[in-house]
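**Student:** Below is a structure I'd like to ask you about.
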Amino acid sequence: MDLGLRERASLVTGSTRGIGLETARMLAEEGARVVTCGRGAAPGIGQAAHIVADLSRAGEPERVVSEAAAALGGLDVLVNNVGVARHARFEEVPDEEWDAYWQVNVMSYVRATRAALPHLRQRGGSIVNVSSTAGKRPSTGMPHYSVTKAAVLSLSRLVADVYAGDGIRCNAVTPGPTATDAWLGEGGLADQQGDREEILAKVGAGRPLGRLARADEIAAVVVFLCSERASYVTGAAWSADGGTVPIIV
């Protein structure tokens, strides 16, 4: 199936690893011109450009969007994927960490979206925000992550409603636990909760499909929502969670 992404100018934040990297790779394979972004080095997937940035800082998302649009000659697709998570009890999370999570998980999306709007208005475009199952059903072990990811869902619906008349679509994707460094890496979410293998087995068994997602399985949904094949889809929060959250919407 041709997704209609050839030559589409695309920016993916948080795309040096995990879901973001797989999303950028798939977009490039579909013929899109892709700019990757992150704190690390370029992933080397044939992208048009790579921008090193700390998107938790005010001004950085705007700079990234400006440089990406300059490199690509405009912008058709924005994927907001950057994010941070930690396992903790609610009463253990200090104010400073709540603030830090808000800056990364929410304000980077707000700032990048706001900066991208003038470019997306010129020829219509698509925004996809990577949220989480924790945004639909809070994870008691990740309180500040859950609250910020719920805010991403609200932001996505707001942008969809306000800018539909400009030909801009905005959707969210809500992955469940995914086999990326966030879970599997040293000191990651599995390690934070106890014995790594036991935790991963328990988390996998907690999905109706019985396992964690692969990054490419989430990226495939993101890329579809970016594409012309999803031209009548906006304001949606697509679950890609192996059946984790037992609700219909």
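**Student:** Explain nothing, just compute: Karplus ³J(HN,Hα) = 6.51 cos²θ - 1.76 cosθ + 1.60, θ = phi - 60°, for every residue of region 129-141 in order, whole Hz, x for Gly and Pro.
**Tutor:** With coefficients 6.51, -1.76 and 1.60, one gets 9, 8, 9, 5, 4, 5, x, 8, 9, x, 8, 5, x Hz.
**Student:** If you place +1 on the Cβ of every Lys and Arg and -1 on the Cβ of every Asp and Glu, how big does the dipole about the Cα centre of region 136-191 come out, in debye to the nearest 20?
**Tutor:** The calculation lands at about 300 debye.
**Student:** Under a GNM of the chain (C-alpha, springs under 10 Å), which listed residue has the highest mean-square fluctuation: Glu29, Glu97, Glu67?
**Tutor:** Glu97
**Student:** Using only Cα positions of region 1-113, each an equal point scatterer, no hydration layer, compute I(q)/I(0) via Debye at q = 0.10, 0.22, 0.23, 0.24 Å⁻¹ and quote the log10 values to two decimals.
**Tutor:** -0.30, -1.13, -1.22, -1.30
**Student:** How large is ³J(HN,Hα) for each residue in region 78-89, as worked out from phi by the Karplus curve 6.51 cos²θ - 1.76 cosθ + 1.60 (θ = phi - 60°), to whole Hz, x for Gly and Pro?
**Tutor:** Calculated HN-Hα couplings, in order: 10, 10, 8, 10, 4, x, 9, 9, 8, 7, 6, 7 Hz.
**Student:** Quote the charge dipole size of region 151-223 about the Cα centre in Debye, to the nearest 20; the model charges only the Cβ of Lys and Arg (+1) and of Asp and Glu (-1).
**Tutor:** Computed charge dipole of region 151-223: roughly 300 debye.
**Student:** List the residues whose amide H sits under 5 Å from the amide H of Ala9, counting only those 5 or more places along or on another chain, with H placed 1.01 Å from N in the peptide plane.
**Tutor:** When sequence neighbours closer than 5 places are left aside, the close amide H contacts are Arg33, Asp76, Val77.
**Student:** Just order 147-158, 187-198, 52-63 by mean Cβ neighbour count inside 10 Å, highest at the front, would you?
**Tutor:** 147-158, 52-63, 187-198
**Student:** Still on this structure, I have one more. Going by average Cβ neighbours within 10 Å, how do the peptides 125-131, 180-186 rank, with the highest at the top?
**Tutor:** 125-131, 180-186
**Student:** Would you pull out the residues with amide H under 5 Å of Arg86's amide H, same chain only if 5 or more places away, H placed 1.01 Å from N?
**Tutor:** Those qualifying (amide H under 5 Å, at least 5 residues apart or on another chain) are Tyr145.
**Student:** Here's something else I'd like to know. Using alpha carbons only, how many degrees (0 to 90, rounded to 10) separate the axis of helix 196-205 from the longest principal axis of the chain?
**Tutor:** Relative to the chain, helix 196-205 is tipped by roughly 70 degrees.
**Student:** Would you kindly derive the ³J(HN,Hα) couplings of region 32-48 from the backbone phi angles with the Karplus curve 6.51 cos²θ - 1.76 cosθ + 1.60 (θ = phi - 60°), listing them in order in whole Hz, with x for Gly and Pro?
**Tutor:** Result, ordered by residue: 6, 9, 10, 10, 9, 7, x, 7, x, 6, 4, x, x, 10, x, 6, 5 Hz.
**Student:** Where Rh denotes the Kirkwood radius from the mean inverse Cα pair distance, what is Rg over Rh for the chain?
**Tutor:** Result for the chain is an Rg/Rh of 0.95.
**Student:** Let me ask something additional. What size of dipole, in debye to the nearest 20, comes out for the chain about its Cα centre when the only charges are +1 on Lys and Arg C-beta atoms and -1 on Asp and Glu C-beta atoms?
**Tutor:** With Lys and Arg at +1 and Asp and Glu at -1, about 580 debye.
**Student:** Right, something else. Which FRET efficiency, nearest 0.05, do Ala41 and Asp191 yield, Cβ-Cβ r, R0 25 Å?
**Tutor:** The computed FRET efficiency comes out at 0.50.
**Student:** Moving on. What is the helix-to-structure angle for 143-163, meaning the angle in degrees between its Cα long axis and the longest Cα principal axis of the chain, kept from 0 to 90 and rounded to the nearest 10?
**Tutor:** Around 20 degrees separate the two axes.
**Student:** Which angle between 0 and 90 degrees, to the nearest 10, do you get for helix 60-72 versus the longest principal axis of the chain when only C-alpha atoms count?
**Tutor:** 40 degrees
**Student:** Glu7 to Ser139: extension gain in nm, 0.36 nm per residue of separation minus the Cα-Cα distance?
**Tutor:** 43.6 nm
**Student:** May I pose another question? Under 16 Å from a label point 7 Å along Cα→Cβ of Arg89: give me every residue in region 189-219 with its amide N that close.
**Tutor:** 193-194
**Student:** Right, another one. According to a simple spin-label model (label point 7 Å from Cα along Cα-to-Cβ), what is the distance in nm between Ser66 and Ala100?
**Tutor:** 2.8 nm
**Student:** Lys/Arg Cβ at +1, Asp/Glu Cβ at -1, dipole of the chain taken about the Cα centre: which of Gly83, Gly204, Ala48 is farthest positive-ward?
**Tutor:** Looking along the dipole axis, the top candidate is Ala48.
Taken together, the values in this text are just the output of simple stated rules run on the coordinates, not laboratory data. Predicted, not measured: the structure shown is a model, and the values here were computed from it. Positions of Cβ are generated from backbone atoms using ideal geometry, with glycine treated the same way; all protein chains shown enter the neighbour counts.
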